[in-house]
Amino acid sequence: ASTLLLKAQGDFGIKAGLNYNTNGELSEFTSDVDNIYKNEGKGKSGFNVGLYGKIDLGPIFIRPELVYTKTTSEYELNSQLIDYKVSKIDAPVLVGIKLIGPLNVFVGPAFQYILDNDLENNSISDVENEFSLGMNFGASIEFGRIGIDVRYERGLSSNEAKWTNASKDFKLDSRPEQLIFSLSYSLSKKKE
């Protein structure tokens with residue numbers, strides 16, 4: 001193990017990309033307890049930008065990241081389409097394996113901190129938990145300093161946003177489910 005650590009090589013860089021996001025159900029509770037309306041919502045595109053580090057341990061690597069993510073989901077509420085927007089800091093810690101040539105696969109937890117959440121034209125309380133946990137898995141291809149990755153992220157910890165409008169109570173499952181496409185650029189690798 002100590003020999004492996006001595007041979008470890010590091011890398012760091014910047015990354016940015018697009019994500020296609022959906023959140024969980026929007027539930028409406030009226031005064032009649034039996035009347036619960038659920039709305040699945042539709043995904044929309046968002047973006048992500050951040051930094052990454054990478055420690056190579058032979059065929060295995062560890063890649064911590066710090067990423068600002070902006071997501072949007074669309075819901076129908078009172079016959080109107082409204083957007084639920086979330087801004088958050090994601091800190092995935094990925095463990096990967098180098099497969100063949102430039103191809104890698106990875107998996108790991110994503111620690112999330114919600115900075116802001118907004119439901120268009122509605123006064124919404126903050127989410128239940130500002131900190132939450134998700135899971136990432138995906139694949140990447142590296143060509144010199146350039147990397148391209150695609151990953152799937154799913155929020156694991158329960159997290160709800162609640163509000164009241166016109167004597168109706170609403171609850172929105174704010175756990176993200178997203179497909180993320182990123183382009184990364186190494187600031188430490190030498191030109192090949």
Inset, instruction - Would you mind stating whether Gly13 is open to solvent by less than 70 Å² (accessible area, probe 1.4 Å), small (Gly, Ala, Ser), in a strand (DSSP E or B) and at pLDDT 95 or above? - result: yes
Inset, instruction - Taking the residues in segment 64-85 that are at pLDDT 90 or above and open to solvent by 20 Å² or more (accessible area, probe 1.4 Å) as candidates, determine which candidate is nearest to Gly138 (Cα to Cα). - result: Pro64
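The values are calculated or read from the model by the stated rules, or taken from the named source; none is laboratory data. Not measured: the values here are computed from a predicted model. With ligands, DNA and RNA removed, areas are computed over all heavy atoms of the protein, side chains included. Shrake-Rupley method; radii C 1.70, N 1.55, O 1.52, S 1.80 Å.
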